[in-house]
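**Q** My questions all concern the structure below.
The values are calculated or read from the model by the stated rules, or taken from the named source; none is laboratory data. Here the structure is a predicted model, which is why all the values come from computation and not from measurement. Positions of Cβ are generated from backbone atoms using ideal geometry, with glycine treated the same way; all protein chains shown enter the neighbour counts. These area figures cover heavy atoms from the full protein model, side chains too; ligands, DNA and RNA do not enter into them. Shrake-Rupley method; radii C 1.70, N 1.55, O 1.52, S 1.80 Å.
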Amino acid sequence: MKPPKRIIFFLLLIGLYVSVSGFVSSSGTRKKSIPQYEGEIIISGLIDKVTVYRDERGMPHIYAGNEHDLYLAVGFISAQERLWQMDLIRRSSTGRLSEILGDKKNTSPEIMGKSFLQADMFARYLQIQEKSKIVLEKENPEIISCLQAYADGVNAFIKTSSDKLPLEFRILSYTPDPWTLEDMANIIGFMGWNLTSRNLTSEIFSYQLVKKLGIEKASRLLPDWKIPTEYAYPDFEISEELLSSIQSFVSSFDQVAELGVTAFSGSNNWAVSGNRTETGKPILSNDMHLTLSSPGIWMQMHQVIPGKLNVTGVLIPGQPFIVAGHNERIAWGMTNLMVDNVDLYAEKINPENHNQYFFNGEWKDMASKDEIINIKKRKQDTLTVKFTHRGAIISELKDVKDVTLSMRWSGYDYSDEIRSVYLLNRAAGWEDFREGLKTFRAVSQNFVYADVDGNIGLNVGGGIAIRKGGGIMIQNGETDEFDWKGYVPFEQLPFSFNPEKGHVSSANNKAVNDDYPYYISYDFVVPYRINRIRQMLDEKEVFGIEDFKRMINDQHSDLAALLTPYILRLNNRTEELTPQEKSALAALTGWDYDMNASLIAPTIFEFFRNSFRKNLLADDMGDFFSQIFYMTAEYYVYRILKTGSDDLVDNINTPEKETIDDIVMQSFKECIKSLIKKQGKNQERWNWGDIHKITIKHPLGSVKILNCLYNLNSDKYGIGGSDHTVSPYFSFVPGFKVAHGASERHIFNTADWDESLTVLPGGASGMPASEFYLSQVETYLNGNFYKDYFSYDAVKSSAKYTLILKPEK
């Protein structure tokens, strides 16, 4: 009876899939999508043949005789492996997701049961396409030729592979549009917003926090905020209705991250000079922290024109140049500068003409633009976007009447990251490197540098707005008092070159001291990761590659080292603890603060941490605590642990005056109760890896039947680390389901590029049927690496497949 039951079950699954998507995929159809890795392919537009070697990871090493052929091949190979992801990114950048995903009622096939209509609307407010047109109009003709060749390569694949398109196109029943130069520029604009969107939500939160707690208390929760002493409009106030409305609208764009379309969030980088390495040459490390999904945001690639260009690293699918990597002379990587490049202004609208706003004593006309949004299985929507001289009016969507908010964003202004990355790929030294960074403004980063001549450095590449005061609060827009006055000149941006200590590093921490004359941000990451990195850099005098591998995988917690001693003071009050609580406390005693998956101490610590934040702040904040901005709570905990208690520690809902020790006791008892409720009393089930788990998911992997048929998601793994460790695995939502981490890891050895190391959390391919889909997961999670071969001999000898791209005769 067993075989027939299995057959019946399989047929039921197929029937269900037919009802969901109207499409039945056989294994033969599935295999059609596998990229051709071996043999020859004729491609229209090539001048000469191109050779593509793929190594054990599936990383393509592309050898061409000229720039045109190189970038045409890069476009073709990118489309082979990542075409649907490329289309998803460009749709996200221009607000066109609803065309393929529908709304909540008509989503296909019930993709997360969510509507992307508001996300599309918000994308239209960013006006990314308008800026892209300006960038391309001003672009260097040589760069335009490279972009056009790339687009031609993508389109050659689309044209010749109609029956081999990625399965996602068939599941969602659509075909891709031709690739354009504007698509490439749009992707850069989208990454710029994705990087800085937190500034908009944090600005709204900061305003609400001041209204809730008052300016003095709120200032203690906002890092590095100098309390203003004078206000031009002391009675100015915005209603909670409007703020909640805007917050909801802005947050709708966060859904895009669930599709795996995300940009730089946090990161680590560091470099050590040759006088402190075993080889006598610098070593550089970089890992950029993003949403972990499959396919990941990065595609590994090696691009070679013998005698002219030899560059390797990672690129964003949809654009042709290496974003972080190395060439024959220099290596570079990046971390988020955390710059505040979004401001909100309350505009005064003419009651007799709602298309005018008051500015510097007179009524000014607003510009407007109608945006058409097509929705799958529904009639199109029309959105009218209005603009002041600062930017889009983002409050009109919710039709809230009392106050109108406009948004100023650096992404509205001209910058040219395409030029920057093109020049970085070809830079021969520090000055070339800095020349490339001059137009890198909308995607603000700390760029780490090392070269074969022994130099190391760190340089800001980004747009720091010049303005009055800090851009933390919503400003009154009736005058130009708080308008931006331009950007800090490149020559005045922070940098470090060959420092005496022999190393440079950054980890989203505060960029400069308070003597710097320009406001950068208040939203720097609490310095747990950077403290640990610099601690490790000071532990030894001479470093090798093995040291860098250990450091980039390090899960020692500087936060735990700071906070756990407060918990251990409960050993003086054990009479107040239950036997289960005493046992848990014993597990923390002697802990070395390693967030190892096999230990129970990290679990107890993380449960305690959640309770501790709540018990410190929820009494003062009330219901507003549920909206607390991530870094606000983290900064407050850090501050009181470093400088001592304040009156926020006391619980205002009790007659007693609580101390930190009282809050620690309360939080410890609550955390053990929560842990027992979740995992039971048996501490053998309390290991961090039993709770802290990761599944690397495909955007359609939440549809169980699709995941079952196509193996879209990885297995589930228990892992260590946290948001405060150098090797980070974390989530911003409750439950310890990991969603974020290092999106790539690179260790570059300038003494011998062939000895460099790399790994991705997923795989080289975005095609689920490919052997290179999710093929690097376990290597990555185990802290291991692949050799990142660079020389021709090493690439050729390690090639698993060889593909020849030939021109038409």
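**Q** About the Cα centre of region 492-608, what is the dipole size in debye to 20, counting +1 per Lys and Arg Cβ and -1 per Asp and Glu Cβ, all else neutral?
**A** The dipole of region 492-608 has a size of about 80 debye.
**Q** Then there is this: Please compute the per residue accessible area over region 399-466 with all protein chains in place, 1.4 Å probe, rounded to a whole number of Å².
**A** I get 26 Å² per residue for this part.
**Q** While we're here: Taking a spot 7 Å from the Cα of Glu278 along the direction of its beta carbon, which residues of region 775-806 have an amide N less than 16 Å from it?
**A** Label zone hits: 785, 787.
**Q** Determine the share of region 718-809's accessible area contributed by carbon and sulfur atoms, expressed in whole percent, with a 1.4 angstrom probe.
**A** 48
**Q** Within region 528-581, which GluC sites (Glu not before Pro) sit in a loop by DSSP and count at most 12 neighbouring Cβ atoms inside 10 Å?
**A** Glu541
**Q** Moving on to the next point. Roughly how many Å² of Tyr638 are accessible to a 1.4 Å probe, to the nearest 10?
**A** 50
**Q** Can you tell me the length gained on complete extension of the stretch Asn66 to Lys657, counting 0.36 nm per residue apart and subtracting the Cα distance?
**A** 205.3 nm
**Q** Grab the other residues whose beta carbon is less than 11 angstrom from that of Arg57, score K and R as +1, D and E as -1, and report the net.
**A** The answer is -1.
**Q** Within region 367-471, report the GluC sites (Glu not before Pro) that DSSP leaves as loop and that have at most 15 other Cβ atoms within 10 Å.
**A** none
**Q** So between Asn711 and Arg569, what do we pick up on full extension, going 0.36 nm a residue minus the alpha carbon distance?
**A** 46.2 nm
**Q** Of the trypsin sites (Lys or Arg not before Pro) in region 352-447, which ones lie in a loop per DSSP and count no more than 14 other C-beta atoms within 10 Å? Before the final figure, lay out each step's value.
**A** Values: sites: Lys364, Lys369, Lys376, Lys377, Arg378, Lys379, Lys386, Arg390, Lys398, Lys401, Arg408, Arg419, Arg426, Arg434, Lys438, Arg441; in loops: Lys376, Lys377, Arg390, Lys401, Lys438, Arg441.
For trypsin sites (Lys or Arg not before Pro) across region 352-447 that sit outside H, G, I, E and B with at most 14 neighbouring Cβ atoms in 10 Å, the list reads Lys377, Lys401.
**Q** Oh, and also: Quick one: pull the percent of accessible area on region 489-570 belonging to carbon and sulfur, 1.4 Å probe, ligands and nucleic acids left out.
**A** That share works out to 49 percent.
**Q** Placing +1 at every Lys and Arg Cβ and -1 at every Asp and Glu Cβ, with all other atoms neutral, what dipole size does region 58-180 have around its Cα centre, in debye to the nearest 20?
**A** 480
**Q** Hey, if you put +1 on the Cβ of every Lys and Arg and -1 on every Asp and Glu Cβ in the chain, which of Phe433, Ala560, Ser161 ends up farthest toward the positive end of that dipole?
**A** Farthest along the dipole direction, towards plus: Ser161.
**Q** Specify the inter-centroid distance of region 392-471 and region 741-806, based on alpha-carbon positions, in whole Å.
**A** Rounded to whole Å, the Cα centres lie 29 Å apart.
**Q** Tally Lys/Arg at +1 and Asp/Glu at -1 over every other residue whose Cβ is under 9 Å from the Cβ of Ser667; what's the total?
**A** Details: positive: Arg609, Arg613, Lys614, Lys669; negative: Glu670.
Once positives and negatives cancel, what remains is +3.
**Q** Net charge near Ser44: determine it from the other residues with C-beta under 10 Å of the C-beta of Ser44, scoring Lys and Arg +1 and Asp and Glu -1.
**A** -1
**Q** On a full-extension model of 0.36 nm per residue, what is the gain between Glu142 and Asp623, subtracting their alpha-carbon distance, rounded to one decimal in nm?
**A** Working: separation 481, 0.36 × 481 = 173.16 nm, distance 5.63 nm.
Full extension of this stretch gives 167.5 nm more.
**Q** While we're on this one: For the residue pair Asp480 and Ser583, what label-to-label distance in nm results when each label sits 7 Å from Cα along the Cα-to-beta-carbon direction?
**A** Roughly 7.1 nm, to one decimal.
**Q** Within region 409-436, whose backbone N sits under 14 Å from a point 7 Å along Cα→Cβ of Lys369?
**A** The answer is 409, 411-414, whose backbone nitrogens lie closer than 14 Å to the label point.
**Q** So, one more: Restricting things to Cα coordinates, could you compute the convex hull volume per residue of region 424-465 in Å³?
**A** It comes to 65 Å³ per residue, whole-number rounded.
**Q** Tell me, how many Å apart are the Cα centres for region 672-726 and for region 293-307?
**A** For region 672-726 versus region 293-307, the Cα centre distance is 29 Å.
**Q** Also, quick follow-up: What's the magnitude of the charge dipole for the chain around its Cα centre, counting Lys and Arg as +1 and Asp and Glu as -1 at the beta-carbon? Answer in Debye, nearest 20.
**A** That gives the chain a dipole magnitude of about 2860 debye.
**Q** Just from its helices, what would the mean residue ellipticity at 222 nm be for the chain, if runs of 4 or more DSSP H residues each count -39500 (n - 2.57) and the sum is divided by every residue, rounded to the nearest 500 deg cm²/dmol?
**A** -11000 deg cm²/dmol
**Q** Keeping all protein chains in place, calculate the accessible area per residue for region 578-636 (probe 1.4 angstrom), answer in Å².
**A** 36
**Q** Each label point is 7 Å from the Cα along the Cα-to-Cβ direction; what then is the distance between the points at Asn355 and Thr175, in nm?
**A** Inter-label distance under the simple model: 4.1 nm.
**Q** For Lys806 and Asp647, what does the FRET efficiency come to when R0 = 60 Å and r is the distance between their Cβ atoms, rounded to the nearest 0.05?
**A** That gives a FRET efficiency of 0.20.
**Q** Something else about it: Would you mind pulling out the separation of the Cα centroids of region 605-666 and region 266-285, in Å?
**A** Using only Cα atoms, the two centres lie 39 Å from each other.
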